[in-house]
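Reviewing the structure listed below.
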Amino acid sequence: MGIEFELKFNATPRAQEEIRAAYPLGYRSFRMETTYYDTKNFALSDRKITLRKRMENGEAVCTVKTPAAGFGRGEWECRCDSIEDSIGELCKLGAPRALMGLTGAGVAPVCGARFHRSAATVEHDGAVLEIALDQGVLLGGGQEIPLCEVEVELKSGDPETAVAFATALARRFGLEPEKKSKFRRALALAKGE
């Protein structure tokens with residue numbers, strides 16, 4: 001199983017610039033356009049499953065995420081132009097086979113996000129981490145709200161090191177923890193919550 005281990009924080013554009021200055025790491029730039037999908041009766045989101053298609057600098061990447069302990073989530077992704085075609089591929093990669101049954105009657109777009117990401121890799125106490133600075137909007141129900149956050153994702157090493165690094169980063173730059181994913185916030189917007 002693929003595991004994604006990341007911590008998210010709400011930020012300001014100024015805090016992002018201060019982080020970039022404090023960690024001049026050769027940031028890579030990505031234009032992200034994400035569409036999140038669910039069934040008509042929200043069978044995926046009710047089970048805390050996220051299904052998305054993201055255009056990353058114009059290239060389609062389909063992803064499914066499932067619940068896991070702590071800051072982790074199960075995550076599988078493949079390059080595919082069609083979200084429907086990606087479901088079988090994601091299951092072949094190890095995503096729960098129940099996904100095929102849950103989506104058998106079809107899926108449709110429910111919400112989305114459009115943002116710019118600057119990402120860089122940092123090594124810290126034997127761990128390899130990615131710092132991602134995201135700015136844009138979350139979309140749902142014909143509305144949009146601003147998005148400005150910092151993510152610290154563990155690429156390899158000890159999860160405790162990632163938590164310690166992210167906690168120190170948040171304290172130093174005045175970042176507030178964000179417990180909800182982009183999907184959950186966009187879905188709440190779509191549902192008018």
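One table, with the values for the structure above:
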item: Rounded to the nearest 20 debye, dipole of the chain from Cβ charges on Lys, Arg, Asp, Glu; result: 460
item: For peptides 51-60, 177-186, sequence by mean Cβ density within 10 Å, most packed first; result: 177-186, 51-60
item: Gap separating the Cα centres of region 147-172 and region 1-67, nearest whole Å; result: 15
item: Relative contact order of region 3-191, defined on C-alpha pairs under 8 angstrom at six or more residues apart (%); result: 27
item: Assigned charges on the beta-carbon of Lys, Arg, Asp, Glu; region 32-116 dipole about Cα centre (debye); result: 300
item: Spin-label zone in region 96-112 - amide nitrogen under 19 Å from a point set 7 Å from the Cα of ASN41 along the C-beta vector; result: 98-110
item: Peptide ranges 158-170, 15-27 listed from the most packed, as the mean C-beta count within 10 angstrom indicates; result: 158-170, 15-27
item: Cα-centred dipole magnitude for region 20-78, charges only on beta-carbon of K, R (+1) and D, E (-1), debye, nearest 20; result: 120
item: Structure-based [θ]222 nm, the chain - -39500 (n - 2.57) summed over DSSP H runs of at least 4, per residue, nearest 500; result: -7500 deg cm²/dmol
item: Unit charges at the beta carbon, dipole of region 1-135: most positive-side option, ILE3, VAL128, TYR23; result: ILE3
item: Rotationally averaged projected area of the chain (alpha carbon convex hull; nm²); result: 10.6
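FYI, it's all coordinate maths here, none of it is from the lab. Nothing here was measured: the structure is a model prediction, and the numbers come from that model. Note that we place each Cβ from the backbone using ideal geometry, even for glycine, and neighbour counts take in every protein chain shown.
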